[in-house]
1. Just order 183-191, 204-212 by mean Cβ neighbour count inside 10 Å, highest at the front, would you?
2. Taking the chain, how much of its Cα-Cα pair set, in percent, is spaced more than 36 angstrom apart?
3. If you take every DSSP beta bridge fully contained in the chain, what fraction is antiparallel? Give it as a percent rounded to 5.
4. SER206 to LYS277: extension gain in nm, 0.36 nm per residue of separation minus the Cα-Cα distance?
5. Under the Karplus relation 6.51 cos²θ - 1.76 cosθ + 1.60, θ = phi - 60°, what is the ordered set of whole-Hz ³J(HN,Hα) values for the range 236-243, x standing for Gly and Pro?
6. Figure the gain on full extension for ALA149 and ARG95 (residue separation times 0.36 nm, minus the Cα-Cα span) and round it to one decimal in nm.
7. Give the lysines reachable from LYS277 as a straight Cα distance under 30 Å; neighbours fewer than 8 places away on the same chain don't count.
8. Can you compute the modelled spin-label distance between TRP218 and SER230, with each label point 7 Å from Cα toward Cβ, in nm?
Amino acid sequence: MGKRAVVTAGTGGIGLETALGLAAIGYAVTVVGRNAERGARAVERIDAVATGPEARFVAADLASLGAVRALADRFAEEGRLDVLVNNVGAMFADRQQTVDGIEASFAVNHLSPYLLTELLLEPLRAGGPGRIVSVTSGSVRVAKRSFDAVEPPGGYYGFHWYGRAKLANLAYTLDLAERLRGTGISVFAADPGGAATEMTDGTMRSPKIVSPGLRLLWPLVRRTFERATSGSASVAARPSILAAADASLDGRTGLVIGPEARPVTPFAPAADPRTVKAVLRLSRQLAPLRLPV
Ligand SMILES: NC(=O)c1ccc[n+]([C@@H]2O[C@H](COP(=O)([O-])OP(=O)(O)OC[C@H]3O[C@@H](n4cnc5c(N)ncnc54)[C@H](OP(=O)(O)O)[C@@H]3O)[C@@H](O)[C@H]2O)c1
């Protein structure tokens, strides 16, 4: 039986390129997204390059914690899983709440992958050496490092709140790597650098996404964004593919794979014990692993 990989948000952008890369080296790939037509088109493209089993699409809105739980149940029932690529991510120009009443940047970029990962640890253990890959972002550097509550103090600025949620997820990911050391599950973060995708072509055109100080410099900020996200999604997927499958990483864990598809030094604040503690507390509170009966 081929190795099984799940790629969230795998029907477009960097996720689809990651799925193509894994299918090309023989993985049985499941891509998750919301739109079934898009899912079918993605599967067709993946099957055209696959050297192993056929791909499949599974529909789920990863902004909903209920949908994440249902997805995890379905995958867990299917048995072992070799690779989980937590690729889903989103930036919102205006503050939004999810169906669970949680601010959407935090829910989609951190809570959803957190919950999916925790609920899939058993199937990842069952397959022998399993790998978890969390897609991170350079935006962690502009994040407000305050995790006492789901929303940081101050106004809503999509880019900064996205970066903060990505920082929460990076802190969780690096801590998880330590927690799972010696269990056979390796945990990596993959930084794609930048690519022209729906996310960057859409939201990043709005000055609203940055703090008022940066808005004064918007033409410069916008050009910087444009330059940073002008690359192709296929190149941006390389760090994820390497982290998910490359033999050079066998037996290793806790690495951040940078845009050049090489290990880089992790952003130090992600390993700050106060950040890790606050992120874990918030995550367990908002997305409990066991629901009260
Ligand atoms: N692009 C960049 O420059 C860049 C830079 C740094 C980090 N990243 C990170 O890389 C990852 C991929 O980014 P991208 O630019 O490829 O994003 P993207 O183009 O917006 O991704 C599109 C994919 O996300 C799926 N998707 C979006 N919202 C979803 C939801 N709520 N539930 C399920 N699927 C959802 C879409 O499918 P449906 O529409 O069918 O749901 C589609 O498969 C993200 O984690 C992002 O934060 C990107």
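Just so it is clear, none of the values below were taken in a lab; they were calculated from the coordinates. None of the values given here were measured: they were computed from a predicted structure. With ideal geometry, Cβ positions are generated from the backbone for all residues, glycine too; neighbour counts draw on all protein chains shown.
1. Working: 183-191: 24.1, 204-212: 16.4.
Packing proxy ranking, top to bottom: 183-191, 204-212.
2. The answer is 9 percent, as a whole percent.
3. Values: 3 of 28 bridges.
Taking every DSSP beta bridge within the chain, about 10 percent pair in antiparallel fashion.
4. Details: separation 71, 0.36 × 71 = 25.56 nm, distance 3.34 nm.
Gain on extension, SER206 to LYS277, equals 22.2 nm.
5. 5, 7, 4, x, 5, 5, 4, 4
6. Values: separation 54, 0.36 × 54 = 19.44 nm, distance 1.55 nm.
Taking 0.36 nm per residue and subtracting the Cα distance, the gain is 17.9 nm.
7. Within the straight-line limit of under 30 Å, LYS277 reaches these lysines: LYS144, LYS166.
8. In this crude label model, TRP218 to SER230 measures out at 2.2 nm.
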